[in-house]
Every structure is written in C-alpha cells, then in structure tokens.
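One structure is given below, encoded as structure tokens.
The values are calculated or read from the model by the stated rules, or taken from the named source; none is laboratory data. Because the structure is a prediction, the values reported are computed rather than measured. Note that each Cβ is placed from the backbone with ideal geometry, even for glycine, and that neighbours are counted across all protein chains shown. Note: areas computed on protein heavy atoms with side chains; ligands, DNA, RNA excluded. Shrake-Rupley method; radii C 1.70, N 1.55, O 1.52, S 1.80 Å.
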Amino acid sequence: MTDPSARLIDGKAFAASLRQSIATEVGRLKDRLGTVPGLAVLMVGDDPASDVYVRNKARQTAECGMKSVERRFAASLTETDLLEEIARLNDDPTIHGILVQLPLPAHINADRVIAAIRPDKDVDGFHPVNAGLLATGGKGLVPCTPLGCLLLLRDVLGDMTGLQAVVVGRSNIVGKPMAQLLLQESCTVTVAHSRTRDLPAICRQADILVAAVGRPAMIRGDWIKPGATVIDVGINRIAAEGGKTRLTGDVAFDEAARVAGAITPVPGGVGPMTIACLLRNTLTAFARINNQD
Ligand code: GUN
C-alpha cells in the first residue's frame, strides 16, 4: 500500500496557529483602540458549496474576535441592489473587509461587482487595483488561497531563491496571483494550463509544483521531480464507495507522496489556509485603514 516518503504539510495545524495569533492581535487592538476589525460576507442565491464556505467564514471571523456581518440575498437580487449594498459597506466605518462570494447568478456581472468594492477593503484581493499592485510589487491585498500556499511554502522551504516553480492553472483567483507571489520570492516561474504542450515534462522540472486545475488526480506520480514540494489547491468532490462522496485534490496523492519531498493532503492542506488568510487580510485592511501599518 501507500509508503509515503514525503513530509505531510499540515495546513490544518498551520491555519489554527495563524487564527490564534490573529485572535491575540484582535484582542490587543480592542484594548488599545476600543474597536475591532469588521468583515462583511455577501452571498447571492443558495449554492450549497457557497453556503458552507460563507457559514465557515462568518463563524471563524467571530471566533477570532472580529465583527462578522453575513448578508444573504435571494438569487433574484438585481445587480443594482447588490452595488448599492456594496456602496453602503464601503462607507461603513465598522467594516474593513468586504467579500462577495462567487459564483454569482448569471444576470449579475461579477467583474462590475468586484470593481465596486473599495480596493483597501477588498480582502479577496480580486479588484484590478490589487491585482495590479501585486504584479508591480506594491502594497495591496493578496488573494487568500495563493497567500495561504505561500505561507506554507515559506514554512517548508524558507528561502526559495532560484527554485523552479510550476503553477498549473491560470485563474485570476489562484494561478495568476500565485505566479506573481513566487516571482517575488525570486523563483523561476512557469504558468502551465489546459493548452500547455507536454504538461508532464513541464511539471517534472518543478522544485515547487502548485496544482490549481480542478481536475481530480490529474497530476500523476511520474510527473513529480524527486524531492519536489507539491501544493495541491484542488478540492474536487468525487463519488466514493456506498453512494457517498469524498474530497480529492488535483494530484494523485498516493503516487505523488512516494516521489515528492513534501506534499499537502486534501483535505487538511491548502483548504483551511484560505479562511485563515481571509482573516489575516481583514486585519491588514484594518491596520492600513487606521494607519496602524
Ligand atoms: N468562491 C470560491 N472561492 C472563493 C474565494 O476565494 N472568494 C470568493 N469571494 N468566492 C469564492
């Protein structure tokens, strides 16, 4: 059976310790300033996966001592009404982070909605101003999932200068910002995607391999360079025995764990880091808005 030689990267434990340090800092701010960071999460419609994420975000926000505002709207909400709600939150001095859960219903233009959020409250880091600041090395807000991957990579590898990094996936949410972050770490970065020729050969060059494609177990063991650090961003729900479902990543874990030096499991790897980094971004936004940073 499985004989993993790779070190398991425990994102669950790392995220718990990050949340703990955020809670401590929130407590300090409350004592010193009499206020706490506030995060508003907006959801339109009733997508079951989004429902779970939004509930977890609100719970963890409150657990670390921040103000949590959860707004849920029917799928029939108009874009105009959503934009008005965002304008109110932009002007609300008790709110420092605004997140609109994606996907949105088809009649709402997600790009227009994201662009309406004040960039310094855009804790998802999706606003074009934040994407631009990331690309130019400025001080913006960084998307939560790639930020979580970066924190895990720094913990495992320390200095990444000169390493070959391959990011599989080119989304605005993960692939592109991940590539920018790795470039800032002085890695040599390749962004591969569904049209890349000979993907296995490209992956085999990677000292750092980040998989964010959304296809279960697509990346096989013989695509991995021996000793590589593998970060699996995939969260795919697949059929399991007894009519149940289970979560699996984009990497064929058992095969990859025999070759890699370190690897994130799914679940318990990157997943828990995303909300922890959302809380970190909210704290960052609060500090900047209040000139504490
Ligand atoms: N839907 C899936 N992932 C995300 C995320 O990171 N942010 C938002 N806003 N929606 C999502």
Looking at region 233-249, can you tell me whether even one residue there is within 16 Å of the ligand (Cβ to nearest atom) and of a type in the set (Asp, Glu)?
no
In region 172-185, what residues are in a loop (DSSP other than H, G, I, E, B) and surrounded by fewer than 18 Cβ atoms within 10 Å (Cβ to Cβ)?
Asn172
Looking at this structure, is Gly65 in contact with a His (Cβ under 8 Å, 6 or more places away or on another chain), more than 16 Å from the ligand (Cβ to nearest atom), open to solvent by less than 60 Å² (accessible area, probe 1.4 Å) and modelled with pLDDT of 95 or more?
no
Would you point out which residue out of Val52, Val123, Val44, Val100 is in contact with a Phe, Trp or Tyr (Cβ under 6 Å, 6 or more places away or on another chain) and within 15 Å of the ligand (Cβ to nearest atom)?
Val44
Free of Cβ contacts under 8 Å to residues at least 40 places away in the same chain and not hydrophobic (A, V, I, L, M, F, W, C): is that true of Asp207 in this structure?
no
Cβ-Cβ under 8 Å pairs, at least 6 apart or on other chains, region 142-157 side within 13 Å of Ile208 (Cα to Cα), far side within 16 Å of the ligand (Cβ to nearest atom) and in a helix (DSSP H, G or I):
Cys149/Met178; Cys149/Leu181; Cys149/Met273; Leu150/Met178; Leu150/Leu181; Leu152/Gly11; Leu152/Met273
All but one of (1) away from the ligand (no atom under 16 Å from the Cβ); (2) free of Cβ contacts under 8 Å to residues at least 40 places away in the same chain; (3) hydrophobic (A, V, I, L, M, F, W, C) hold for Ile263, so report the exception by its number.
(2)
Consider only pairs whose beta carbons are under 6 Å apart and that are at least six residues apart or on different chains; among these, list those whose first residue lies in region 102-113 and is free of Cβ contacts under 8 Å to residues at least 40 places away in the same chain and open to solvent by less than 60 Å² (accessible area, probe 1.4 Å) and whose second residue is within 14 Å of the ligand (Cβ to nearest atom) and assigned to a loop (DSSP other than H, G, I, E, B).
Ala110/Leu104
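Each row is one residue, and each column tells you yes or no for (1) more than 22 Å from Ile275 (Cα to Cα); (2) more than 15 Å from the chain's Cα centre (by Cα).
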position	(1), (2)
Cys149	no, no
Asp155	no, yes
Ala165	yes, yes
Ile173	no, no
Gln180	no, no
Thr188	yes, yes
Val191	yes, yes
Ser194	yes, yes
Looking at region 253-293, which of its residues are surrounded by fewer than 19 Cβ atoms within 10 Å (Cβ to Cβ) and over 22 Å from Lys57 (Cα atoms)?
Asp254, Glu255, Arg258, Gly261, Asn290, Asn291, Gln292, Asp293
Could you please tell me which pairs satisfy a Cβ distance under 6 Å, a separation of 6+ or placement on different chains, a first residue in region 271-293 that is at pLDDT below 95, and a second residue that is part of a helix (DSSP H, G or I) and open to solvent by less than 40 Å² (accessible area, probe 1.4 Å)?
Asp293/Ala287
